[in-house]
Amino acid sequence: MSYESTMLEQLAMPTRKQVEQVLLRALLKHGGVIKEFGSGQEIVDEIADDFGLNEHQRSAFLQTVYRKENRVKKALLWHRLLFRAADCLAKEKLVSRPTQTIQLTKKKEWMLTEKGFDEALKLSNIPAARKDFLPIKSYEVQKIVKKLSESPRPENYNPFDREKKVNRVTRESAIRTRGFRQAVIEAYSCKCSVCGMIINSPDSLSWEVEAAHIVPHSSMGRDDIWNGLALCHLHHWAFDVGWFTLLDDYTINVSSQVYSLPSDFGKLGDYEFIRVLSRKSTRIHLPGKSEIHPHHNAVRWHRQNIFHK
Ligand SMILES: [Zn+2]
């Protein structure tokens with residue numbers, strides 16, 4: 001038995017398999033990513049707490065003698081065990097390694113893959129159907145987010161995807177849809193671009209805000225950041241049915257039919273979610289980077305085809 005295995009056994013440390021499972025659940029809890037394991041990192045203590053490790057188990061060192069250099073290298077046994085578990089997850093393609101992830105997000109983190117995401121959901125007893133609405137990062141989805149947020153803005157943008165299969169969901173299209181949602185919601189800092197509403201679920205796993213298509217999915221609208229807007233449920237609905245649209249300078253334009261609505265319609269207490277927009281010309285909240293603002297070709301199409309004057 002190796003020196004490391006003997007130490008693990010003597011200290012009654014958890015098995016690597018147990019650590020792998022807890023790591024997958026922790027990844028889910030932390031939005032799909034966790035930092036490399038180092039001293040002083042919360043995640044290292046969080047997982048140790050999960051196992052109820054004592055001080056002795058947390059602080060045991062492995063000492064390796066380097067004969068050539070005539071020196072002793074010390075490593076925390078607990079960090080080593082975490083690393084070995086993460087390394088096994090990477091070999092099974094359940095996570096991406098920090099050296100791979102950094103190329104996508106510029107951060108040295110372990111990140112779930114789609115396969116790892118499915119496994120983590122199973123371990124956490126979360127129904128697979130919730131997957132599409134959880135803003136958990138996965139390596140495959142993050143690739144799409146990077147592409148959507150960093151592609152050069154086309155001068156003459158075509159907001160239609162003629163190849164789009166509107167009624168058929170494939171694994172590929174589901175990943176693209178999640179990439180679209182995540183790119184849009186992140187670009188707008190999880191806030192409704194109209195009213196600024198921001199709130200997440202009590203388990204912090206999902207956001208209320210939605211990624212709306214400007215040219216709708218049903219009209220073959222592309223899953224691009226230039227065809228997207230972050231909107232709360234109410235404003236998403238109102239935008240989709242044509243209660244309001246955007247002008248070229250991103251000012252909100254409300255349908256004149258709002259004036260013939262019964263006075264008790266569209267009210268939440270004192271808050272009137274459509275009328276309030278018609279009272280003054282309001283510009284939507286936009287991301288800082290103008291390259292990812294909605295494209296005029298998409299906005300104009302909405303104005304001409306969805307909006308009710
Ligand atoms: Zn809103």
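Just so it is clear, none of the values below were taken in a lab; they were calculated from the coordinates. Since this is a predicted model, take the numbers as computed values, not measurements. Virtual Cβ from ideal backbone geometry, glycine too; neighbours counted across all protein chains shown.
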Could you work out the local net charge near Lys29, counting Lys and Arg as +1, Asp and Glu as -1, over the other residues with Cβ closer than 10 Å to its Cβ? -1
For Lys143, the aspartates and glutamates lying under 16 Å Cα to Cα, once residues fewer than eight places off in the same chain are dropped, come out as Glu109, Glu114, Glu172, Glu186, Asp223, Asp224
Which cross-chain or sequence-distant (5 or more) residues have an amide H under 5 Å from the amide H of Glu109, H modelled 1.01 Å from N in plane? Thr101, Ile102
By how many nm would the segment from Asp50 to Asn125 lengthen if fully extended, with 0.36 nm per residue of separation less the alpha-carbon distance? 25.3 nm
Unit charges on C-beta of K, R, D, E only; dipole of region 110-242, Debye: 280
Compute the Cα gyration tensor for region 190-305, then decide on rounded, prolate or oblate, letting a ≥ b ≥ c be the square roots of its eigenvalues: rounded whenever a/c is under 1.5, prolate when a/b is larger than b/c in the other cases, and oblate in all that remain. oblate
Looking at Val166, Ile47, Leu246, which one has the Cα that reaches farthest to the positive end of the dipole of the chain (charges on Cβ: Lys, Arg +1; Asp, Glu -1)? Val166
In the chain, if the dipole is taken from +1 on Lys/Arg beta carbons and -1 on Asp/Glu beta carbons about the Cα centre, which of Pro294, Leu268, Ala90 is farthest to the positive end? Ala90
Could you derive backbone 3J(HN,Hα) for region 237-242 from the dihedral phi with the Karplus parameters 6.51, -1.76 and 1.60 (θ = phi - 60°), listing whole Hz in sequence and x where the residue is Gly or Pro? 4, 5, 6, 5, 8, x
List the GluC sites (Glu not before Pro) within region 132-207 that DSSP assigns to loop and that have no more than 10 neighbouring Cβ atoms inside 10 Å. Glu155, Glu163
May I have the extent of the alpha carbons of the chain along their three principal axes, as whole Å values ordered from largest to smallest? 83, 43, 35
Cleavage-rule hits (trypsin sites (Lys or Arg not before Pro)) in region 207-286: DSSP loop, at most 16 neighbouring Cβ within 10 angstrom: Lys280
Residue by residue through region 175-180, which ³J(HN,Hα) values in whole Hz follow from phi under the Karplus form 6.51 cos²θ - 1.76 cosθ + 1.60 (θ = phi - 60°), with glycine and proline marked x? 5, 5, 4, 5, x, 4
The residues Leu112, Leu82, Leu53, Leu286, sorted from fewest to most surrounding Cβ atoms within 10 Å, come out as Leu286, Leu53, Leu82, Leu112
Given unit charges at Cβ for Lys, Arg (+) and Asp, Glu (-), the dipole magnitude of the chain about its Cα centre in debye, nearest 20, is 800
